[in-house]
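Here is the structure we will look at, set down as structure tokens.
The values are calculated or read from the model by the stated rules, or taken from the named source; none is laboratory data. Computed from a prediction, not measured in an experiment: that's the story for all the values here. Positions of Cβ are backbone-derived with ideal geometry, glycine not excepted, and every protein chain shown enters the neighbour counts. Surface areas here come from the heavy atoms of the whole protein model, side chains and all, with no ligands, DNA or RNA. Shrake-Rupley method; radii C 1.70, N 1.55, O 1.52, S 1.80 Å.
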Amino acid sequence: MALEGINSKKELHSFIAKHLSRSHPIRSPEFLFGREKELRQVERALYSDGTHVFIVGDRGVGKTSIATIAATSFQEGSKAHIHIDCSPRTTFAGIVANIAYEALKHSGIFERSSESGHGTSIALLGLNIGKSLSQGVRLADIETGIRDVTDAVRVFKWLADNYSDPTTVVIDEFDRIRDPNERNRFADLIKHFGNQMIPVKLIITGIATNVTDLIGEHPSCARQIDSIDVPKLNFDDRWQIIREPLNNLDVTIGRELEIRIALISDGYPYYVHLLTERLIWELNDDPNLVHTVNEDHFQTALGEAIETCSAEYKVPYEKAVNSIPNIEEILWSTADTDYMVRTEEEMFASYLGIMRQISRSPVSREEYKKGILNLAKPSNGPILQRAQKRKPIFDYKERMLRGYVRLQAESHGVRLYNDLQKDPKPLSANAASSRYGYRASTIPKEVRFANESGPKAD
């Protein structure tokens, strides 16, 4: 094997599973890089009486990982926190019923009722269902018994008294609930929690810019909610994700490659984990003992990352490229620079730079405009959406797709984001920028790629 201390593929798999996590939430705080502040904010909110937490931000920035680690840390005793995933058809009653059902399973009540043969009444939940647990109470039976917020409050009172102290519930992907009325009922529930001092903590995650996007405006419960905004990762934290497993393998990576991986990722942990994971597998396949990552390793890993990337990002890209003439270079231009929201003029300037890189003639400004408008059509995803009505200002419909577009551009030998290396603009370290999408830091001014003028990367 080509990596120090790795003697089999099984050992390598275990190593990667410990240090990288592109497919599931991170469960250990030591590997949750760049989220120390947000994790601290959630933990402090949990220890504040009557306060519940909404964790908001773009898809893929680590909201679920933060919620999982915080809930695990806060939950005491032998019982785990309760985790509920949402779907478009999820209802308020369905979530409360699932919470009750999970609590009953973890408490062992089903097993004890079955073994004794006695019909423990479902009334222990405060609900009138007319069945005992030994008679085969189903999730649907519990859901039927939750007719309003008052019934839900009874369930949570039982939970507080019988499950664990404290009890923590994570409601994940809350934004997926299609009916806003179902989401809004949680505002009333939280208000009841405060009025009746129910010691159950809710951690709710969702793709949003603020709590109002998820549950509407409810001033009466605003004091009981802490909203935690999770931005994209800054460059220092992206680099830390790359370095940590490589350092453990006694492997170094050059500054230029490190920067390129960080830039391609666009600040989304998924792409940093994906590229680093593919890179480690490639290093392991090298016939020689490896202590330094080279360009060949990187290029092979890049290709494999594109092949194994989530279909959620591959499909819209391939659909656009295969159905719209001359669109691929235009699509690459939309993912240039660190700005999330860009004008058509800015993107066209990026496009001209890309065409110079690959020594090809650009389309006219009018044709470019048609290409951008095609990318904003529902029939093509849409990939882009207008950030302001009737103005040529655009954002990605699904922002994580930018990372896949950057993967593709890099694999074709196109370097985006050149302005970042030549003239990085400072970002605030105190607040996320809605246009950038993440907090400081930028690429150091002295960093240049080998084919650029000025000081070169180490």
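Brief remarks follow.
- Against the list (1) open to solvent by 10 Å² or more (accessible area, probe 1.4 Å); (2) modelled with pLDDT under 90; (3) closer than 24 Å to R260 by Cα; (4) not hydrophobic (A, V, I, L, M, F, W, C), the condition Q421 fails is (1).
- All positions within segment 189-225 that are charged (D, E, K, R) and touching a His at 6+ places or on another chain (Cβ under 7 Å): K201
- Every residue from segment 246-292 that is of a type in the set (S, T, Y) and over 22 Å from the mean Cα position of the chain (by Cα): T252, T292
- Flag for V42 being open to solvent by less than 60 Å² (accessible area, probe 1.4 Å) and touching a Gly at 6+ places or on another chain (Cβ under 9 Å): no
- Within segment 319-357, tally of residues that are under 21 Å from I259 (Cβ atoms) and open to solvent by 30 Å² or more (accessible area, probe 1.4 Å): 2
- Single match in I215, I203, I171, I207 (criterion: under 27 Å from E398 (Cβ atoms), open to solvent by 10 Å² or more (accessible area, probe 1.4 Å), at pLDDT 90 or above and aliphatic (A, V, I, L, M)): I207
Quick grid of which residues meet (1) within 30 Å of R399 (Cα to Cα); (2) not charged (D, E, K, R):
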{"residue": "I6", "(1), (2)": "no, yes"}
{"residue": "L20", "(1), (2)": "yes, yes"}
{"residue": "P29", "(1), (2)": "yes, yes"}
{"residue": "L32", "(1), (2)": "yes, yes"}
{"residue": "R40", "(1), (2)": "yes, no"}
{"residue": "I55", "(1), (2)": "yes, yes"}
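- In segment 370-391, the residues that are of a type outside the set (A, V, I, L, M) and either closer than 16 Å to V321 by Cα or touching a Ser or Thr at 6+ places or on another chain (Cβ under 6 Å) (or both): K370, G371, N374, K377, P378, S379, N380, G381, P382
- I259 modelled with pLDDT of 95 or more and either surrounded by fewer than 21 Cβ atoms within 10 Å (Cβ to Cβ) or not charged (D, E, K, R) (or both): no
- Selection within segment 4-39: residues that are without any contact (Cβ under 8 Å) to a residue 12 or more places away in the chain and under 25 Å from D266 (Cβ atoms). The member of this set that is most open to solvent (accessible area, probe 1.4 Å) is E30.
- Taking segment 74-86 as the range and being open to solvent by 30 Å² or more (accessible area, probe 1.4 Å) and either in a helix (DSSP H, G or I) or modelled with pLDDT of 95 or more (or both) as the test, the residues that pass are H83, D85.
- Of all the listed residues (F74, F15, F54), the sole one being under 20 Å from I242 (Cα atoms) and under 25 Å from the mean Cα position of the chain (by Cα) is F15.
- If you go through segment 45-73 and keep only what is part of a helix (DSSP H, G or I) and either open to solvent by less than 20 Å² (accessible area, probe 1.4 Å) or modelled with pLDDT of 95 or more (or both), you end up with A45, L46, K63, T64, S65, I66, A67, T68, I69, A70, A71.
- Within segment 164-269, helices (runs of 4 or more DSSP H) holding 2 or more residues that are touching a residue at least 24 places away in the same chain (Cβ under 8 Å) and within 29 Å of R406 (Cα to Cα): 235-248, 255-265
- Verdict on R89 being modelled with pLDDT of 95 or more, assigned to a loop (DSSP other than H, G, I, E, B) and open to solvent by 60 Å² or more (accessible area, probe 1.4 Å): yes
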